[in-house]
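Visitor: Just dropping this structure here.
Quick note: the coordinates plus some simple rules give every number you see, no bench work behind them. Values in this document were obtained by computation on a predicted structure and should not be read as measured data. Using ideal geometry, Cβ is built from the backbone for each residue, glycine included, and neighbour counts are taken over all protein chains shown.
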Amino acid sequence: MCQSKFHRCMRRFLFLFFSCFVWISLSDAAVKDQVYEKVLPNGLKVILLQNRTAPLVTFQVWYRVGSRNEEWEKTGLSHMLEHMMFKGTEKIAPEDFSRIVQENGGNSNAFTSNDFTAYFENLSADKVHIGIDLESDRMQNLSLKEKDFLTERMVVMEERRLRTMDNPRSYLIEQMNATAFQTSPYHWPTIGWKEDIEKFTLDDVKAYYKKYYNPANAFLVVVGDFDRDDLLSRIEKAFAPIPGGTAPDQKKDIDTPQSGERRVFVKREAELPYIVMSYHIPNLKNPDGYVLEVIAAILSGGKSSRLYQNLVLEKKLVIEANADNSLLSHDPDLFSLSAEPLPGKQVDDIENALNHEIEQLQSEPVPEHEIEKAKNQIEASFVYGQDSRFFQAMLLAQYEITSGWKGIDDYLPSVRKVTPEDIQRVAKKYLIPDNRTVGILIPVPHEERKPSISSPPLRERMIR
């Protein structure tokens, strides 16, 4: 499963499958008081959170490698290797991995993003050894065969066709990201360009596995009902013998400040147009990232938000409008506004309306009661978003990837400190035309469709 903006949408999707409810939240007390960490001699970090409210456990292995670690002409290797990780080892046949988990009453899967690749098993507490044995085995003994590779490469190409090429919105966002980012590896999609996938070789995958899949470049997160000493003993026995390897340098190029608006137009078969306006912004390593969290909530936090009230209800311009802030990205990412017009409405009118909402944030202080409502929504979402062991583990891991898991303690206090003056200042600094890329989907009938282009986009480009 591949998601370039994983933290924006996976919570809603996976909740349907992993609703093992908990009665505690990482916001009830300092994370450092609830979570235990140990680093094994080979460099593997182990992060444990006990939750004994039900005899269940989620066992997760996160590798510090995603599409941002790839190179030009090798895009999509992280996702390709994710597929190959289910093709067995010397001990486990390709079809046996998922079968073993299912026969023991659990479920398993994996996902790749810009910043990481993760694997998990959700099991009853007495079956945690299943996850430990399977994951430690494939961390070092993956069986990479030409026949399996050729099959999975075709699967990935078909996945790209279904999820991107045949999805107008996804294709637009892919092209917009490729326009917004020029030196950052966020330029390319997590699944990779079609031309690169076609050129993958088994040797490429083997080299990638050897470089990135080692204890020094990975960490475990386990949340659930377990005895800590017993679990640590099991983990150490299985993982400590694996050679540590070297943690690759995670420093990547980032884009220099943009000095002029960029626009990209995509013509695809679609019922309605679509618009996305994205601005370069910092992540949680900068306090302004938390201000942008509040701005996103003010703009699209439910049916009382500004975009819904003004664009959906009052002006009747759009079916939906959203604001997204990329707080948990490893590198600086984008703050995006998006909207789907009602039939008969013009994209220009939608763009003007979105611009007006941004200008209001810049010119008029947001009333205290509106800010307080946004903060309450953020806090409620943060707390209730942890209603399963799976999502508690995921939150710990995402923070570990970005800034270290202890950074969770800073989230709510940083949000609560945001003032009307902060909102105006940040809106004026980042949400400006020269700092944005606008992507517009232009619907066309079937007969007018041009041959698709999946590598770096056709675009209207301003010189920086």
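Visitor: Using a ≥ b ≥ c from the Cα gyration tensor of the chain (square roots of the eigenvalues), is it rounded, prolate or oblate, where a/c under 1.5 gives rounded and otherwise the larger of a/b and b/c decides, a/b for prolate?
Guide: Cα axes put the chain in the oblate bin.
Visitor: Apply the Karplus parameterisation 6.51 cos²θ - 1.76 cosθ + 1.60, with θ equal to phi minus 60°, to every residue of the range 280-291 and state each ³J(HN,Hα) to the nearest whole Hz, in sequence, with x for glycine and proline.
Guide: 5, 9, x, 9, 5, 6, 10, x, 5, x, 6, 5
Visitor: Using Stokes-Einstein with the Kirkwood hydrodynamic radius over Cα pairs, what translational diffusion coefficient do you get for the range 262-448 at 37 °C and a viscosity of 0.692 mPa s, in µm²/s rounded to a whole number?
Guide: Here the translational diffusion coefficient equals 187 µm²/s.
Visitor: For the range 268-274, what does the Karplus curve 6.51 cos²θ - 1.76 cosθ + 1.60, with θ = phi - 60°, yield as ³J(HN,Hα) per residue in whole Hz, taken in order and with x for Gly and Pro?
Guide: 9, 5, 7, 6, 9, x, 7
Visitor: Mind jotting down the distance between the C-alpha centroids of the range 324-386 and the range 72-118, whole Å?
Guide: 35
Visitor: Quote the Stokes-Einstein diffusion coefficient, in whole µm² s⁻¹, for the range 6-239, based on the Kirkwood radius over alpha carbon pairs, a temperature of 10 °C and a viscosity of 1.306 mPa s.
Guide: 84
Visitor: For the range 384-449, just say rounded, prolate or oblate: build the C-alpha gyration tensor, square-root its eigenvalues into a ≥ b ≥ c, call rounded for a/c under 1.5, and beyond that prolate if a/b exceeds b/c, oblate if not.
Guide: It is oblate, given that a/c is not under 1.5 and a/b is not larger than b/c.
Visitor: Let me ask you something else. Run the numbers for ILE100 and TYR384: contour at 0.36 nm per residue of separation, minus the present Cα-Cα distance, in nm.
Guide: Full extension from ILE100 to TYR384 adds 99.1 nm.
Visitor: For the range 203-285, compute Rg over Rh where Rg is the Cα radius of gyration and Rh is the Kirkwood radius from the inverse mean 1/r over Cα pairs.
Guide: 1.19
Visitor: Please list 3J(HN,Hα) in residue order for the range 125-142, calculated via the Karplus relation 6.51 cos²θ - 1.76 cosθ + 1.60 where θ = phi - 60°; whole Hz, with x for glycine and proline.
Guide: 4, 7, 10, 4, 4, 4, x, 4, 5, 5, 6, 5, 5, 7, 5, 10, 10, 4
Visitor: Then there is this: List the residues, sorted by chain then number, that are 5 or more residues from ASN107 or on another chain and whose placed amide H is less than 5 Å from its amide H.
Guide: Correct list: ASN122.
Visitor: While we're on this one: If the only charges are +1 at each Lys and Arg Cβ and -1 at each Asp and Glu Cβ, what is the size of the charge dipole of the chain around the Cα centre, to the nearest 20 debye?
Guide: Charge dipole of the chain: 380 debye, to the nearest 20.
Visitor: Ok, one more. Contact order normalised by length for the chain, with contacts defined as Cα pairs under 8 Å and 6 or more residues apart; what percent is it?
Guide: RCO, the chain: 23 percent.
Visitor: Same structure again: Given an 8 Å cut-off on Cα distances and at least 6 residues of separation, report the relative contact order of the range 6-239 as a percent.
Guide: Once normalised by length, the contact order is 34 percent.
Visitor: Using Cα-Cα distances under 8 Å and only pairs 6 or more residues apart, what relative contact order does the range 322-407 have, in percent?
Guide: Relative CO of the range 322-407 lands at 24 percent.
Visitor: Relative to the longest principal axis of the C-alpha atoms of the chain, give the angle of the C-alpha long axis of helix 146-160, reported between 0 and 90° and rounded to the nearest 10°.
Guide: 20
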